[in-house]
1. Select from the stretch 257-286 the residues that are among the charged types (D, E, K, R) and either on the phi > 0 side of the Ramachandran plot or not in a strand (DSSP E or B) (or both) and list them in ascending order.
2. Taking VAL250 and the conditions (1) part of a helix (DSSP H, G or I); (2) in the same structural domain as GLU327 (by TED's automatic domain parsing), which numbered condition does it fall short on, given that it satisfies the others?
3. Go through the stretch 322-337 residue by residue and tally those that are over 60 Å from the mean Cα position of the chain (by Cα), of a type in the set (A, V, I, L, M, F, W, C) and under 13 Å from TYR304 (Cβ atoms).
4. Within the stretch 274-291, how many residues are more than 21 Å from VAL232 (Cα to Cα) and free of Cβ contacts under 8 Å to residues at least 12 places away in the same chain?
5. Being over 30 Å from GLN159 (Cβ atoms), surrounded by 10 or more Cβ atoms within 10 Å (Cβ to Cβ) and not aromatic (Phe, Trp, Tyr) is true for just one of LEU104, LEU81. Which residue is that?
6. Consider the stretch 221-247. How many of its residues are β-branched (Val, Ile, Thr) and either under 57 Å from the mean Cα position of the chain (by Cα) or part of a loop (DSSP other than H, G, I, E, B) (or both)?
7. Has the stretch 292-314 got any residue that is exposed (fewer than 14 other Cβ atoms within 10 Å of the Cβ), over 59 Å from the mean Cα position of the chain (by Cα) and in contact (Cβ under 8 Å) with a residue 40 or more places away in the chain?
8. Tell me the residue from ILE152, ILE211 that is more than 23 Å from VAL293 (Cβ to Cβ), within 52 Å of the chain's Cα centre (by Cα) and surrounded by 10 or more Cβ atoms within 10 Å (Cβ to Cβ), please.
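The values are calculated or read from the model by the stated rules, or taken from the named source; none is laboratory data. What you are looking at is a predicted structure, and each value in this text was computed from that prediction instead of being measured. We place every Cβ from the backbone using ideal geometry, glycine too, and count neighbours over all the protein chains shown.
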Amino acid sequence: ADALERGARHEEQARERLAEKRARRQREAVVAEAVRTAAEWAHGLLVESADEAGRARAAGEADRTERDAELAVVRRDIGVLQAELRELTDTVHRDEVARTQQRLRIEQLETRAVEELGIAPADLVEEFGPHQLVPFVPDPDADPDAPQPDPIPFVREAQEKRLRQAERKLNALGRINPLALEEFSALEERHKFLTEQLEDLKSSKRDLLDIVKEVDERVERVFAEAFEDTAVQFERVFQRLFPGGEGRLVLTDPSNMLTTGLEVEARPPGKKIKRLSLLSGGERSLVAVALLVSIFKARPSPFYIMDEVEAALDDANLGRLITLFEELRDSSQLIVITHQKKTMEIADALYGVSMRGDGVTTVVSQRLRDVADQPA
């Protein structure tokens with residue numbers, strides 16, 4: 001019995017589920033039908049709206065085409081009007097510029113009439129206006145005794161031509177200076193003054209040239225004499241410093257004593273060379289000393305200052321140089337800066353300069369002649 005009862009319940013439940021499914025299907029069918037009907041209605045509306053939109057668009061396209069055509073016409077008209085406006089503006093501007101120029105021209109003419117003629121513009125027009133007859137202007141080459149023609153009526157073109165001719169002639173004359181006479185007198189006075197100054201300068205130049213010539217002649221003479229004396233002394237001194245050698249002084253351009261150069265030719269004994277550059281350092285130093293001593297002997301001086309002239313000499317050459325120093329000492333005073341002991345031995349006085357430990361320079365002096373004369 002329980003099994004039957006359960007079976008009945010299951011069957012009843014199955015019938016209920018089936019009934020629910022049928023009811024749901026019916027509801028869904030009703031909904032689907034409603035949806036289909038609504039869709040058909042909406043589709044109809046869409047088709048109708050699309051047709052209406054197409055008609056509206058076609059009408060809009062036609063209206064836009066018409067508006068574009070009208071706009072093109074308006075733009076073309078605007079372009080034409082703008083071109084006309086620019087042309088009118090340019091014309092007005094040119095007219096204004098022309099009027100301004102004419103007004104300035106009139107003002108300039110009025111000012112010129114007042115400044116040059118001293119006549120007011122109104123009086124000028126009244127006396128010389130177009131209503132007045134123009135006097136006939138004869139040809140400059142015509143006979144002055146011939147009868148003068150009557151005045152002629154004013155013709156602007158003819159008078160403007162006469163004006164241009166007169167202006168050309170006036171320009172050909174150049175500017176007229178009312179102060180020309182006064183300026184001429186001043187310039188004449190200035191010319192006279194400058195002429196006198198020029199003559200003074202020429203005279204001064206001649207005097208200076210004479211002085212220069214005299215000085216040049218004296219310089220040439222003094223130089224020639226000094227050179228001859230120095231050349232003679234150089235040969236003697238060179239023989240003493242270089243026994244058996246030969247040395248001389250030569251002018252590079254004897255014809256022009258003011259610009260000539262001086263060359264020293266020195267040939268020590270036993271050598272054939274004469275160029276100083278080929279000599280040794282000691283030989284060059286001795287040649288320089290020979291030239292220096294020859295100048296001393298040719299033109300003596302009260303005293304001489306020499307700075308280590310014998311530094312590069314050996315004992316034999318130093319002895320010869322010391323002999324020359326002793327000869328020079330007889331007539332002049334010698335101040336010799338030296339480190340050579342033999343040179344110090346012939347000195348009358350010695351002066352030494354040294355630096356102490358504190359950086360202070362100390363000068364030490366000793367008179368050798370006085371010491372030598374004292375008893376031992």
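1. Result: LYS271, LYS272, LYS274, ARG275, GLU283, ARG284.
2. (1) is the only condition that VAL250 fails.
3. 3
4. 3
5. Only one candidate qualifies: LEU81.
6. Of the residues in the stretch 221-247, 2 are β-branched (Val, Ile, Thr) and either under 57 Å from the mean Cα position of the chain (by Cα) or part of a loop (DSSP other than H, G, I, E, B) (or both).
7. Within the stretch 292-314, not a single residue is exposed (fewer than 14 other Cβ atoms within 10 Å of the Cβ), over 59 Å from the mean Cα position of the chain (by Cα) and in contact (Cβ under 8 Å) with a residue 40 or more places away in the chain.
8. Just one listed residue meets the conditions, ILE211.
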